[in-house]
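The values are calculated or read from the model by the stated rules, or taken from the named source; none is laboratory data. Every value quoted in this text rests on a predicted model; they were computed, and no experiment measured them. Cβ placement follows ideal geometry from the backbone for every residue including glycine, while neighbour counts extend to all protein chains displayed. Heavy atoms of the whole protein, side chains included, go into the accessibility calculation; ligands, DNA and RNA do not. Shrake-Rupley method; radii C 1.70, N 1.55, O 1.52, S 1.80 Å.
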Amino acid sequence: MFLTIKKIPKVSWSSKKPLNLKPKLTTFLFLCFGLSLFGIGEGLLLVSYIGASPWSVFAQGISLHVDYSIGLITFFTSLFVIFLWIFLDQKPGIGTILNAIIIAFMIDVSLTYINTPENFLFQIIMAIAAVLIVGLGSGLYLIALSLIHI
């Protein structure tokens, strides 16, 4: 049972229901903070030139052929996936909508304002930090919305 999650913790700022379009203020703030960290982590991973997540690889590939940023392509991809939810009889919550907006924006902010380290060791350190930041952001996001009930 190494590294298995049995239950996402619920805290005072967790949402009462996952598909809530009007979360309480603390839930909203932690949600936005978690998504911001996730987006910064994704951006740092791209900036490091050491690796990238599958969604970022997809967005990066498209952005090489069109004149849009990786963040904007990520946003459009997210909107397309949300659109496909119609056929699954699913409706997005505030977390899904903010996910598309905040992560895409923070990826572009990271790519614009953070430079790639010239030293390979620092690139590796940046990539490791990026993965940890994405993990922390994911945890805050999941706890804020209590998305998984195992």
- Query: Which of the listed residues, LEU111, ILE70, ILE101, is farthest toward the dipole's positive end in the stretch 16-150, when Lys, Arg count +1 and Asp, Glu count -1 at the beta-carbon?
  - Reply: ILE101
- Mind listing the phi-derived Karplus ³J(HN,Hα) values for the stretch 66-78, rounded to whole Hz, using 6.51, -1.76 and 1.60 with θ = phi - 60°, and x for any glycine or proline? 10, 9, 10, 6, 4, x, 5, 5, 4, 4, 5, 4, 4
- Task: Determine how large the accessible area of THR112 is when every protein chain is in place; take a 1.4 Å probe and give Å² rounded to the nearest 10.
- Result: 90 Å²
- The computed P(r) of the stretch 86-150 puts the percent of Cα pairs beyond 19 Å at 50 percent
- Rounded to a whole %, the carbon-and-sulfur portion of the accessible area of the stretch 58-148 at a 1.4 Å probe is 73 percent
- Note on the structure: Rounded to the nearest 0.05, FRET efficiency between ILE125 and PHE83 (Cβ-Cβ, R0 30 Å) equals 0.20
- How big is the accessible area of LYS24 in square angstrom, nearest 10, if you roll a 1.4 angstrom probe over the protein chains? 80 Å²
- Note on the structure: Rounded to the nearest Å, the spacing of the alpha-carbon centers of the stretch 33-86 and the stretch 94-115 is 8 Å
